[in-house]
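Reviewing the structure listed below.
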Amino acid sequence: MAIRGPRLEFAVGAFLLLALASLLVLAFASTNRQFGGGGDTYPLTARFSTLGQLRLQAPVRIGGVSVGRVAKIDLDPKRFDAVVTLDIQQRYQLPADTSAGIFTSGLLGESYVGLQPGGDPENLKSGEEIAYTQPAVDLIQMVGKYMFGGGSAAAPAAANDSATPPSPTETTP
């Protein structure tokens, strides 16, 4: 008693359309794209010495809330700094002393730009540069440094011990 005919074909077609729509949503989510235009934005720039794994369309967050996206990443040919252009949603007006840093969501998560608003009464205007920045932390380099003795606290202590003169009770006749 197998069902054949238009009902089966309709069910299979609906299932395939649902599967394709799910794949489309997954593709948008995995590339940090958003549905729709996202509203009005204004550009700000920030200079970093190291970007880590920061990519285009990475989120810009304040306190964990997404307020924009990374629009462009360039290299300044004179200073050899990475210049990151951020598209910030128009409804968020940031103080002039806002600072920016590159952070990672979790241990192996995506990189994002975190903003820390200051207390300046003047706001950053479209196209201005965020003056205070913190580069990305390279976790692999940091772990290697501590694993292979680059960050050991015992080495400076041993150097100090040999530099101090022996106490009178330690001298030999």
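The values are calculated or read from the model by the stated rules, or taken from the named source; none is laboratory data. The shown structure was predicted, so the numbers you read here are calculated from the model rather than taken from an experiment. Cβ sites come from the backbone with ideal geometry, for glycine too, and all protein chains shown count toward neighbours.
A few notes on this one:
- Number of positions in the stretch 94-123 that are more than 16 Å from S49 (Cα to Cα) and touching a Ser or Thr at 6+ places or on another chain (Cβ under 6 Å): 5
- Checked against the criterion of being modelled with pLDDT under 85 and either within 20 Å of G64 (Cβ to Cβ) or charged (D, E, K, R) (or both), the stretch 155-167 has at least one qualifying residue.
- Remark: V65 falls outside the filter, which requires a residue to be surrounded by fewer than 16 Cβ atoms within 10 Å (Cβ to Cβ), more than 21 Å from F28 (Cβ to Cβ) and of a type in the set (A, V, I, L, M).
- Residue in the stretch 38-50 that is surrounded by 15 or more Cβ atoms within 10 Å (Cβ to Cβ), polar (S, T, N, Q), more than 14 Å from the chain's Cα centre (by Cα) and part of a strand (DSSP E or B) present: yes
- Failed condition for S22, given (1) of a type outside the set (A, V, I, L, M); (2) more than 20 Å from K125 (Cβ to Cβ); (3) surrounded by 14 or more Cβ atoms within 10 Å (Cβ to Cβ): (3)
- Taking residues in the stretch 95-110 that are assigned by TED's automatic domain parsing to the domain that holds V70 and among the hydroxyl-bearing types (S, T, Y), and partners anywhere that are surrounded by 16 or more Cβ atoms within 10 Å (Cβ to Cβ) and assigned to a loop (DSSP other than H, G, I, E, B), the pairs with Cβ atoms closer than 7 Å and at least 6 places apart or on different chains are T98/P117; T98/L124.
- E128 over 30 Å from I140 (Cα atoms) and loosely packed, with under 10 Cβ neighbours inside 10 Å: no
Matching residues to (1) of a type in the set (F, W, Y); (2) closer than 18 Å to A29 by Cα; (3) crowded, with 16+ Cβ neighbours inside 10 Å:
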position	(1), (2), (3)
P77	no, no, no
Q90	no, no, no
Q93	no, no, no
S111	no, yes, yes
L115	no, no, yes
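- Counted residues, the stretch 51-78 - those being of a type in the set (K, R), in a loop (DSSP other than H, G, I, E, B) and touching a residue at least 24 places away in the same chain (Cβ under 8 Å): 1
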